[in-house]
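All remarks here apply to the structure that follows.
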Amino acid sequence: MLRCDIITIFPAFFREAFDHGIIRRARKAGLMEIKAHDLRGWTNDKHHMVDDRPFGGGDGMVLKPEPIFTAVEDLTGATRRDDYNDKLRVVLLSPQGRVLTQSLAEDFAKNAEHLVLICGRYEGVDERVAEALVTDEVSIGDYVLSGGEPAAVVLVDAVVRLLPGALGSETSALNESFSAGLLDCPHYTRPPEFRGMQVPDVLVSGNHGEIARWRREAAIEKTRRNRPDLLSN
Ligand code: 9D3
């Protein structure tokens, strides 16, 4: 069982996010438990302040360290990174992180029993969180989001489907196609002609050797067109 605690100022963002498809099934099967926690619940002051102005000046606000440290202490029982056991990962979703890859998702699925995801907001998070609490600072790619919440959903989705038993046995083999370094080939279903567009003859030929060859060629062509970087590596 993988336990996943999300620390956020927008817990409602996640209300339906984990209630569909494979994630929902994995939760119902007891493979994973996901909870989104309101960071404001770990504040003491009347106004539940989670942010403050940056030292050194500049625009925007920074998430304060105190509520986040208290949250991680409550959720993990540990006060700092040195006290974590090796099944605990505390992840900060941030534009400054290393980019999420399939192999990092595999590492979490295989080696973690408890994930704590900290969602940044505003201009950022007080750096002492990264220094003392965070095991992995992770971005989901080179584009600007408004906060870490969508990135947390992406990370959970990528990890859940790798948990043993989350996918049917038929689909789990498909999973390996991405790690193989090529994009998937195009797929077609009925009808064989739609608005004048034909399904390639070879796919309805019944010749499985020819079909396999076509799919390999079509995957290479798709990769050359959309992700040439995957072919040069
Ligand atoms: C002005 C500099 N910006 C940093 C690159 C400011 C800034 C932009 C976006 C500060 C915070 C954010 C909020 N984004 C995230 O918290 C975030 C994120 C992202 O923006 N892109 C990809 N992955 C992630 S994970 C968390």
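Things worth noting here:
- Cβ-derived FRET efficiency at R0 30 Å, residue 230 paired with residue 208, nearest 0.05: 0.70
- Distance between the 7 Å Cα→Cβ label points at residue 78 and residue 49: 3.1 nm.
- Beta bridges by DSSP in the chain, antiparallel share as percent, to the nearest 5: 15
- Peptides 157-164, 117-124 ranked from most to least packed give 117-124, 157-164, packing being the mean of other C-beta atoms within 10 angstrom over each peptide's residues.
- The trypsin sites (Lys or Arg not before Pro) found in the stretch 1-69 that occupy coil by DSSP, while having at most 15 further C-beta atoms within 10 Å, are 15, 46.
- For the residues 18, 55, 69, a GNM of the chain with alpha-carbon springs under 10 Å puts the largest fluctuation on 55.
- Length added when fully stretched, residue 198-residue 59, from 0.36 nm per residue minus Cα-Cα: 44.5 nm
- Helical content alone sets the calculated 222 nm signal of the chain at -10000 deg cm²/dmol, taking -39,500 (n - 2.57) per DSSP H segment of four or more residues and averaging over every residue.
- Once the C-beta distance of residue 190 and residue 87 is scaled by a Förster radius of 41 Å, the resulting FRET efficiency is 0.30 to the nearest 0.05.
- For the chain, the longest principal axis of the C-alpha atoms and the axis of helix 149-160 are separated by about 60°.
- The stretch 222-233 - phi-based ³J(HN,Hα) in whole Hz, Karplus 6.51/-1.76/1.60, Gly and Pro as x: 4, 5, 4, 6, 9, 9, x, 4, 6, 7, 6, 7
- For the pair residue 3 and residue 16, label points projected 7 Å from Cα toward Cβ lie 3.0 nm apart.
- Which of 95, 223, 30, positive extreme of dipole for the chain (C-beta unit charges): 223
- Neighbourhood net charge (13 Å Cβ-Cβ; Lys/Arg +1, Asp/Glu -1) for residue 84: -2
- Formal net charge of residues neighbouring residue 30 (Cβ-Cβ distance under 15 Å; K, R +1; D, E -1): +4
- Under 5 Å, built H, 5+ apart or other chain: amide partners of residue 9: 39
Just so you know, all these numbers are worked out from the coordinates, no wet-lab data involved. None of the values given here were measured: they were computed from a predicted structure. We place every Cβ from the backbone using ideal geometry, glycine too, and count neighbours over all the protein chains shown.
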